[in-house]
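Before any comments, here is the structure.
The values are calculated or read from the model by the stated rules, or taken from the named source; none is laboratory data. Quick caveat: nothing in here was measured; it's all calculated off a predicted structure. Note that each Cβ is placed from the backbone with ideal geometry, even for glycine, and that neighbours are counted across all protein chains shown. The protein model used for the area step is the full one, side chains on, heavy atoms only, and it has no ligands, DNA or RNA in it. Shrake-Rupley method; radii C 1.70, N 1.55, O 1.52, S 1.80 Å.
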Amino acid sequence: VDLFAVTPSGRACVIELKAARGSDTPLKALLEGLAYAAIAQANLASIRQEVQECYDLEITSDFPEVTVVAPEAYWKKFRDNPAAGDWESSLQDLADRIQDSVGVSVSFVALSNTSFSYGLSGTRPSLDSTIACAFALRKGS
């Protein structure tokens with residue numbers, strides 16, 4: 001799992017990160033995120049307990065959300081590839097069908113103007129970025 005988060009509604013969220021120079025397709029990124037979410041769901045009882053003890057946060061028993069996060073350049077690389085065809089609407093349709101059939105919410109996020117501080121010398125790590133939908137809004141958004 002690249003990142004694990006808790007949404008404001010208390011739902012677990014698995015975040016799959018992709019780099020601009022990476023070769024994994026958006027479909028592979030989605031499948032990785034779903035696999036990690038299934039592993040998190042299988043271990044949710046112990047995750048819920050650990051998060052409660054360490055961070056005093058409650059996590060619902062709902063299946064984790066999946067968010068694929070990548071720089072805008074990652075999404076553009078596939079968008080500008082004519083051989084990829086109309087992958088954006090097909091991938092969004094798949095994400096919508098997954099949400100409708102098993103209740104897993106899927107989001108695709110593009111980052112731009114990003115800077116990251118590792119939190120050295122006792123400071124907290126931080127991420128500053130412009131965040132946008134990668135290519136389409138989630139169903140119901």
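Just a few scattered comments:
- Just one of the listed residues (Asp86, Asp100) is out of contact with any helix residue (DSSP H, G or I) (no Cβ under 6 Å at 6 or more places or on another chain) and more than 16 Å from Thr25 (Cβ to Cβ), and it is Asp100.
- Residue satisfying all of: in the range 81-103; assigned to a loop (DSSP other than H, G, I, E, B) and either touching a strand residue (DSSP E or B) at 6+ places or on another chain (Cβ under 9 Å) or of a type in the set (Gly, Ala, Ser) (or both); modelled with the highest pLDDT among these: Gly103
- From Asp93, Asp56, Asp2, Asp86, residue being on the phi > 0 side of the Ramachandran plot, open to solvent by 50 Å² or more (accessible area, probe 1.4 Å) and not small (Gly, Ala, Ser): Asp56
- Across the range 42-61, the number of residues qualifying as part of a loop (DSSP other than H, G, I, E, B) and either modelled with pLDDT of 90 or more or of a type in the set (A, V, I, L, M, F, W, C) (or both) comes to 6.
- Of everything listed in (1) surrounded by fewer than 18 Cβ atoms within 10 Å (Cβ to Cβ); (2) assigned to a loop (DSSP other than H, G, I, E, B), the single unmet condition for Ile39 is (2).
- Condition met for Ala110 (closer than 21 Å to Thr7 by Cβ, open to solvent by less than 50 Å² (accessible area, probe 1.4 Å), at pLDDT 65 or above and not in a strand (DSSP E or B)): no
- Count of the range 10-30 residues which are open to solvent by 60 Å² or more (accessible area, probe 1.4 Å) and touching an Asp or Glu at 6+ places or on another chain (Cβ under 9 Å): 1
- Each residue in the range 7-36 was checked for being without any contact (Cβ under 8 Å) to a residue 24 or more places away in the chain and assigned to a helix (DSSP H, G or I), and 4 pass.
- Selection of first residues in the range 73-93 that are free of Cβ contacts under 8 Å to residues at least 24 places away in the same chain and of second residues that are small (Gly, Ala, Ser) and surrounded by fewer than 16 Cβ atoms within 10 Å (Cβ to Cβ), restricted to Cβ pairs under 9 Å at least 6 apart or on distinct chains, gives the following pairs, ordered by first then second residue: Lys76/Ala20.
- Qualifying residue in the range 62-76 (condition: more than 19 Å from Phe108 (Cβ to Cβ), open to solvent by 80 Å² or more (accessible area, probe 1.4 Å) and either part of a helix (DSSP H, G or I) or in contact with a Cys (Cβ under 6 Å, 6 or more places away or on another chain) (or both)): no
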